[in-house]
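Colleague: One structure is given below, represented as structure tokens, and several questions about it will come after.
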Amino acid sequence: MNLNTIVDVKRPESFDKVEWGEGHAWLAGGTWLFSEPQVDTHTLVDLERFGWPALTVTEQGLDIAATCKIVELHDFKGPPEWRAVPLFDKCIDAFLMSFKIWNAATVGGNIIMSLPAGAMVSLTAALEGVLTLWPRKGEPRQIPVVDFVTGNHQNVLQPGELLRSIHLPASALRKRFAMRQVSLTHLGRSAALIVATVDDNDDNFLLTISAATPRPVHLRFDKTPSAAELRGAIDERLPADAWFQDVHGSAPYKRHVTHYLAEQVRAELA
Ligand SMILES: Cc1cc2nc3c(=O)[nH]c(=O)nc-3n(C[C@H](O)[C@H](O)[C@H](O)COP(=O)(O)OP(=O)(O)OC[C@H]3O[C@@H](n4cnc5c(N)ncnc54)[C@H](O)[C@@H]3O)c2cc1C
């Protein structure tokens, strides 16, 4: 859509060249920005010319630039010992996307949107991702994805702050994983997206619940839990009012499918 409140689009080459003011918005893929009126925004600051490399493999893990496109993440092939890399495609498949969104949307834009059905939130939370944020003033700061998102379309980003990158630690990428996703309708938004990861020797079992809750939730266990332990932990952590209710599913439905799918991923890894 044409955004008739926009009077300027800036294309800086680096962060320190940006003169930020009220009414400015970072422009990444633009798939959400151009999908609805932005009445409070008059200036877009395009990230494209920052020229950040999309994906960088190091011994410590994978660094994903905020500007990495969904299609670039889809094409990534990691070292063979990173057994969790196939989870990238599984989460990308859960993203309700047209051809345009597939080729234009960025990983960072999806995380900043912080929607319950944000597939890149689910992916990076499940793989214990840590975000690097560049505030307008002051030093860069790091925050785990699971703490960054605070609710439906809510997060801790400050005005003018920029998401620079997402780090997925090698220790998480080496883990075995199991994933399940369900939608009320064919090709609909996720009602629940559940991932479990575990080390060899059955250590460090991590369950990530997303889409069914307003923000991603981690449940950690030293060893793979029993079915009863997992069920109890979910109920203890998520009371009846902790589920995300919308047109894509009622709260009781989301609680029900979370229990059902969590048991499936637990059993698969056990
Ligand atoms: C038909 C349709 C279906 C969609 N389906 C889904 C879905 O299933 N799940 C879902 O989560 N979303 C969905 N979306 C919303 C959106 O397209 C995606 O979230 C997409 O990933 C946003 O990425 P983008 O790069 O296009 O972001 P943009 O549209 O460019 O930006 C989105 C927001 O993030 C800010 N931003 C972008 N990058 C940064 C950065 N690096 N630092 C700080 N702020 C930044 C922008 O200022 C803006 O506020 C859908 C949209 C459409 C139109």
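Derivation of every value follows stated rules applied to the coordinates shown; laboratory data play no part. Keep in mind it's a predicted model, so treat the numbers as computed, not measured. When we count neighbours, we look across all protein chains shown, and the Cβ atoms used for this are built from the backbone with ideal geometry, even at glycine.
Colleague: What is the spin-label model distance, in nm, from Ile143 to Lys223 if the labels are put 7 Å beyond Cα along the C-beta direction?
Modeller: Computed distance between label sites Ile143 and Lys223 equals 3.7 nm.
Colleague: Among Met113, Met120, Met179, what is the fewest-to-most ranking by other Cβ atoms within 10 Å? Please list the in-between numbers first.
Modeller: Working: Met113 17, Met120 27, Met179 23.
Ordered from fewest to most neighbouring Cβ atoms within 10 Å, Met113, Met120, Met179 come out as Met113, Met179, Met120.
Colleague: Select from Trp102, Thr67, Trp134 the residue farthest towards the positive end of the dipole of segment 14-161; place +1 on Cβ of Lys and Arg, -1 on Cβ of Asp and Glu, and compute about the Cα centre.
Modeller: It is Trp102.
Colleague: Can you give the local net charge around Glu268? Use residues other than it whose beta-carbon is closer than 11 angstrom to its beta-carbon, Lys and Arg +1, Asp and Glu -1. Kindly include the intermediate steps, with their values, before the conclusion.
Modeller: Details: positive: Arg176, Arg180, Arg266; negative: Glu263.
With Lys, Arg at +1 and Asp, Glu at -1, the net is +2.
Colleague: Which order do the peptides 145-154, 235-244, 13-22 take when ranked by the mean count of other beta-carbon atoms within 10 Å per residue, highest first? Before the final figure, lay out the partial values.
Modeller: Numbers: 145-154: 17.6, 235-244: 14.0, 13-22: 11.6.
The most tightly packed comes first, giving 145-154, 235-244, 13-22.
Colleague: Let me ask you something else. Got a sec? How would Lys10, Lys90 order by Cβ neighbour count within 10 Å, fewest to most? Show your work: numbers first, answer last.
Modeller: Working: Lys10 15, Lys90 18.
The order, fewest Cβ neighbours first, is Lys10, Lys90.
Colleague: Ranked highest first by average number of other Cβ atoms within 10 Å, how do 71-80, 162-171 line up?
Modeller: On the way: 71-80: 13.8, 162-171: 20.5.
Those peptides, ordered most packed to least, come out 162-171, 71-80.
Colleague: Rank-order 252-264, 34-46 by packing density, defined as the average count of other C-beta atoms within 10 Å over each peptide's residues, highest first. Working shown, then result.
Modeller: On the way: 252-264: 19.2, 34-46: 14.5.
Peptide ranking by packing, descending: 252-264, 34-46.
Colleague: List Leu96, Leu207, Leu27 from most exposed to least, where exposure is judged by having the fewest other Cβ atoms within 10 Å. Don't skip to the answer; put the middle values down first.
Modeller: On the way: Leu96 13, Leu207 27, Leu27 20.
Going from least to most buried by this count: Leu96, Leu27, Leu207.
Colleague: Same structure, new question: For Ala240 and Asn103 in one chain, what is 0.36 nm times their gap in residues minus the Cα-Cα distance, to one decimal in nm?
Modeller: Working: separation 137, 0.36 × 137 = 49.32 nm, distance 3.82 nm.
Full extension from Ala240 to Asn103 adds 45.5 nm.
Colleague: Based on the Cα atoms of segment 51-171, what semi-axes does the equivalent ellipsoid have, where each is the square root of 5 times one gyration tensor eigenvalue, given in whole Å with the largest first? It would help to have the intermediate numbers written out before the result.
Modeller: Details: eigenvalues 86, 61, 37 Å².
Result for segment 51-171: semi-axes of 21, 17, 14 Å.
Colleague: Just how large is the dipole of the chain about the Cα centre, in debye to the nearest 20, putting +1 at every Lys and Arg Cβ and -1 at every Asp and Glu Cβ? Walk me through the numbers before you get to the answer.
Modeller: On the way: 26 positive and 32 negative charges, 66 e Å.
Dipole size: approximately 320 debye.
Colleague: Same structure again: Have a look at Leu44, Gly21, Val57 and report the one farthest towards the positive end of the charge dipole of segment 11-70, computed about the Cα centre with Cβ charges (Lys/Arg +1, Asp/Glu -1).
Modeller: Val57
Colleague: In nm, to one decimal, how far is the Thr58 label point from the Asp46 one, both placed 7 Å along Cα→Cβ?
Modeller: Spacing of the two 7 Å Cα→Cβ label points: 3.0 nm.
Colleague: Which helices, counted as full DSSP H runs in the chain, have an axial Cα extent of no less than 20 Å and a Kyte-Doolittle average of -1.0 or above? List each step's numbers first, then the result.
Modeller: Numbers: long enough: 251-269 (27 Å, -0.70).
Result, helices passing both filters: 251-269.
Colleague: Another question about this same structure. Please get the size of the charge dipole for segment 51-171, origin at its Cα centre, with Cβ charges of +1 on Lys and Arg and -1 on Asp and Glu, quoted in debye to the nearest 20. Please report the intermediate quantities before stating the final value.
Modeller: Values: 9 positive and 11 negative charges, 64 e Å.
That gives a dipole near 300 debye.
Colleague: A follow-up question, please. In the structure shown, do any of Lys175/Lys254; Lys77/Lys223; Lys69/Lys137; Lys137/Lys254; Lys69/Lys254; Lys77/Lys100 have a Cα-Cα gap over 32 Å, and if so which? Please report the intermediate quantities before stating the final value.
Modeller: Numbers: Lys175/Lys254 27 Å; Lys77/Lys223 29 Å; Lys69/Lys137 27 Å; Lys137/Lys254 41 Å; Lys69/Lys254 30 Å; Lys77/Lys100 23 Å.
Those over the limit are Lys137/Lys254.
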